[in-house]
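Here's the structure, in structure tokens; my notes come after.
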Amino acid sequence: MAKAKTPWFAIRAPENAAGEIKMKFLILIGNAAVGKMTVGKELIKITNFNLFHGHMILEPVLEIYGTRNMEMEQKIRDIIFEDFAKSDRAYFHLYDGF
């Protein structure tokens, strides 16, 4: 049987003795267009994390308001992060808001 190819990056969420993930939130930070989405998509293939990125907030706000609305974007982000904190699911968040 062929050995699985190791990705160019390696990440393993810490697990306890029962194999349960201890870490449930990871933020990938980088400038725009450096490959965060590419890395995030690869990470979800090798972990049980869900991917959350800024366009999931930005695009609906642009559709509704016709322009950026930073206050509304932050309100939505706060609601989502509060829900993440209560959830048992694990998430990646991609961030370029320098």
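The values are calculated or read from the model by the stated rules, or taken from the named source; none is laboratory data. Worth saying up front: this structure is predicted, and the values here are computed from it rather than measured. Cβ sites come from the backbone with ideal geometry, for glycine too, and all protein chains shown count toward neighbours.
Of all the listed residues (A85, A90, A13, A4), the sole one being within 15 Å of the chain's Cα centre (by Cα) and at pLDDT below 80 is A13. Taken over the range 20-60, residues that are within 18 Å of D83 (Cβ to Cβ), surrounded by 15 or more Cβ atoms within 10 Å (Cβ to Cβ) and aliphatic (A, V, I, L, M) amount to 4. Screening I27 with (1) more than 12 Å from the chain's Cα centre (by Cα); (2) within 12 Å of F92 (Cα to Cα) gives one miss only, at (1).
In the range 62-80, of all residues being in a helix (DSSP H, G or I) and either in contact with a strand residue (DSSP E or B) (Cβ under 8 Å, 6 or more places away or on another chain) or among the hydroxyl-bearing types (S, T, Y) (or both), the one that is nearest to L26 (Cα to Cα) corresponds to I80. Considering every residue within the range 66-76, establish whether at least one is exposed (fewer than 11 other Cβ atoms within 10 Å of the Cβ) and under 16 Å from the mean Cα position of the chain (by Cα). Within the range 66-76 (the criterion being exposed (fewer than 11 other Cβ atoms within 10 Å of the Cβ) and under 16 Å from the mean Cα position of the chain (by Cα)), the answer is no, since none of the residues qualifies. If you go through the range 45-61 and pick out every residue that is part of a helix (DSSP H, G or I) and under 19 Å from A90 (Cβ atoms), you end up with 3.
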